Amino acid sequence: KTRSLLSVFEEDAGTLTEYTNQLLQAMQRVYGAQNEMCLATQQLSKQLLAYEKQHFALGKGDEEVISTLHYFSKVVDELNILHSELAKQLADTMVLPIIQFREKDLTEVSTLKDLFGLASNEHDVSMAKYSRLPKRKENEKLKAEVAKEVANARRKQHLSSLQYYCALNALQYRKRVAMMEPMLGYTRGQINFFKRGAEMFSKRMDSFLSSVSDMVQSIQGELDAEAEKMRVSQQDLIAVNESVYTPDSDVTSPAINRNLIQKAGYLNLRNKTGLVTTTWERLYFFTQGGNLMCQPRGAVAGGLIQDLDNCSVMAVDCEDRRYCFQITTPTGKAGITLQAESKKEYEEWICAINNISRQIYLTDNPEAAAIKLNQTALQAVTPITSFGKKHEVHHPSQNVKNMENDKIIPNESAGIQDSTQLIAPGTPIQFDIVLPATEFLDQNRGGRRANPFGESEDSSKDEEEDSLLQQMFVVRFLGSMAVQSDDTSEVIYEAMRQVLAARAIHNIFRMTESHLMVTSKNLRLIDPQTQVTRTSFELATVTQFAAHQDNRRLIGFVVHLSETLGEEAMSAYIFESNTEGEKICYAISLGKEIIEAQKDPEALAQLMKSVPLTSDGKFMLLNDQSEEDGTVREEGEESEA
């Protein structure tokens, strides 16, 4: 709104400058004509006196003519004096004010406009330098210097903008004075000329000119009062705290609003300029309904950048920049990468996009829906700081690691009665799958890598070759937690709700991506880069599995695990997939059918007839060919991330 209003004032100033030049040309022409009148009357007087010096052949009786011409010459000389005084008065009261208005006021506005543009460019340069700051703590001195440079640039831009705005406001008053004051001088000069020549004008004109003069003085008084008011306001605005100009000044405890259903502000957009080169462009972004819009400088309206319905947003590490996040499309394809200016903006953008992606804006009261959603999440999961002690009370024989960032324990008082029967209150949630230390030791030794679950690579490969079913899916691990029942799929839905709520409340956006290999014997999570098996579950221990009813990309399953004391425990594992979760459920169901059918050769033969087989005699799942992430791949072919 400020820039739009500024453009209107600048357009008005440009029109005024063009008109003032034209008006000055007309007034200079009048002044030139008056000067020419003075020269003409002077020349006329001389010519009248020169009649006497002429040698006429018939010069008898010219004495009366000569005396008459001498009288006319005196009259013309007196008129010439009046014309000279009128020309001087026009120069001082008509031409000079309009020249001063053009050279002083209009030139001042143009100069302040250039200074404002330079200050804005310096601010953009300092912001670009600030945005490129790395996250390493050893660069705190450099960060402080750059932050100070940004603050100085902002202060300079603020000061230049205030001066520019004050000049534009004052120009609206000076314009009216500048248009009337020259004509006031011109009229007065003409009246004085005619009064002294023939007393042609009445006192009524004098009263009119007096009233015009009073009006000009009144406008000048209003200008002085407005200038004083703007000067006081300018001093108050400049006297604010330095933290107003410093970016990310409240990084330790920013006041974050997590209930936003619309958001606007400047972000850095990452653009690819080549195979490995990228550029960052600072643009103005805003949300409109379920869309993310962008409006470059100078544009009259914004353009669509991303449809946010059913999209996901997550924090990313990008080129050693802070506060970066990425928007992913509903199909799992990576979208745009953006960078916020501060931690507060960073978290509010992520929360706002999450709220919009759930289509809260379509409800009758979107603000209340967003607040209720976040309150429900707060009631579902509340962090405590003594996870290690609580876990030792329930399992004194186990060695527990206090992982502050990976595990969060819900509040025991949260949840309704049905959910407490499915998942015990106080159950910890694990948000990452951590490899054992021996895995990294074996990698550093450079020797043969051992499977962390005691299986050799050869046995794993032999097991894959013997398996009748092999299907790989790209998944991202969201979290896991212990459950008390596996009788119904509601336990999976409740685990999904608590895991997603905990991630939303505690701003945990990073997810570990893996390849989920579904075979007729087990489920294996494989690192997509190193091909190391992160964890494995026997298919017989998977007792319950289901996909989310609304978000089809969410999949979960319950596994029976054996503990050290011989007791069995159940845990729910929640994932987000690039394909529909129902396909993963179908693959797991087919694997279980194969296990049961292997006990009966006739049942196995019947099953092999009902399901297509690959060229090497393994089961092949028929997926939708329109989904690029769900196409069937042969053994040894890599899966898309």
With contacts defined as alpha carbon pairs under 8 Å and 6 or more residues apart, what's the relative contact order of region 1-128 in percent? 36
Between Ser589 and Asp432, Cβ-based FRET efficiency (R0 25 Å, step 0.05) works out to 0.35
For region 467-519 and region 529-606, write down the distance between their C-alpha centroids in whole Å. 11
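Rounded to the nearest 0.05, what FRET efficiency do Ser562 and Ile371 have when you use their Cβ-Cβ distance and R0 = 35 Å? List each step's numbers first, then the result.
Details: r = 44 Å, r/R0 = 1.25.
After rounding, the FRET efficiency stands at 0.20.
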Starting from region 319-364, pick out the GluC sites (Glu not before Pro) whose DSSP state is loop and whose Cβ has at most 13 other Cβ atoms within 10 Å. Glu319
Can you check what the net charge comes to around Ser84, using other residues whose Cβ is under 14 Å from the Cβ of Ser84 (Lys, Arg +1; Asp, Glu -1)? -3
Of the options Gln549, His560, His515, report the single residue whose Cα projects farthest towards the positive end of the charge dipole of region 470-610 (beta-carbon charges: Lys, Arg +1; Asp, Glu -1). His515
What nm value, rounded to one decimal, do you get for the distance between Ala255 and Ile99 when each label is placed 7 Å out toward the C-beta? 5.7
DSSP-loop trypsin sites (Lys or Arg not before Pro) across region 73-143, with at most 16 other Cβ within 10 angstrom: Arg132, Lys135, Arg136
Computing the accessible area with a 1.4 Å probe over protein heavy atoms, can you report the carbon and sulfur percentage for region 1-201? 57
Which entries of Lys53/Lys88; Lys272/Lys583; Lys263/Lys333 show an alpha-carbon separation above 31 angstrom in the structure shown? Lys53/Lys88; Lys272/Lys583
Just the accessible area for Cys585, please: 1.4 Å probe, Å², rounded to the nearest 10? 20
Heavy-atom SASA rank of Tyr71, Tyr323 (probe 1.4 Å, accessible area, largest first): Tyr71, Tyr323
Pulled fully out, how much extra length does the chain show between Lys74 and Met183, if you take 0.36 nm times their separation in residues and subtract their Cα-Cα distance? 36.1 nm
Around Gln25, what is the net charge, scoring Lys/Arg as +1 and Asp/Glu as -1 over all other residues with Cβ under 13 Å from its Cβ? +1
What does the net charge come to around Asp250 if you take all other residues with beta carbon closer than 10 Å to its beta carbon, with K and R at +1 and D and E at -1? +1
So what does Ile526 come to for accessible area, using a 1.4 Å probe and Å² rounded to 10? 10
In region 279-324, the trypsin sites (Lys or Arg not before Pro) that fall in loop regions by DSSP, at most 10 other Cβ within 10 Å: Arg297
Once R0 is set to 56 Å, what does the formula 1/(1 + (r/R0)^6) return for the Cβ-Cβ distance between Ala540 and Asn507, expressed as a FRET efficiency to the nearest 0.05? 0.90
1.4 Å probe accessible area per residue over region 470-610, in Å²: 41
List the relative contact order of region 264-376 as a percent without decimals, with contacts defined as Cα pairs under 8 Å and 6+ residues apart. 20
Quick check: pseudo-label points 7 Å beyond the Cα along Cα→Cβ at Ala33 and Leu58, how many nm apart are they? 4.0
At 1.4 Å probe size, what's the solvent-accessible area of Thr273? Round to the nearest 10 Å². 90
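The values are calculated or read from the model by the stated rules, or taken from the named source; none is laboratory data. Values in this document were obtained by computation on a predicted structure and should not be read as measured data. Every residue, glycine among them, receives a Cβ derived from its backbone with ideal geometry; neighbour counts consider all protein chains shown. Just the protein is used for accessible areas: all its heavy atoms, side chains included, with ligands, DNA and RNA removed. Shrake-Rupley method; radii C 1.70, N 1.55, O 1.52, S 1.80 Å.
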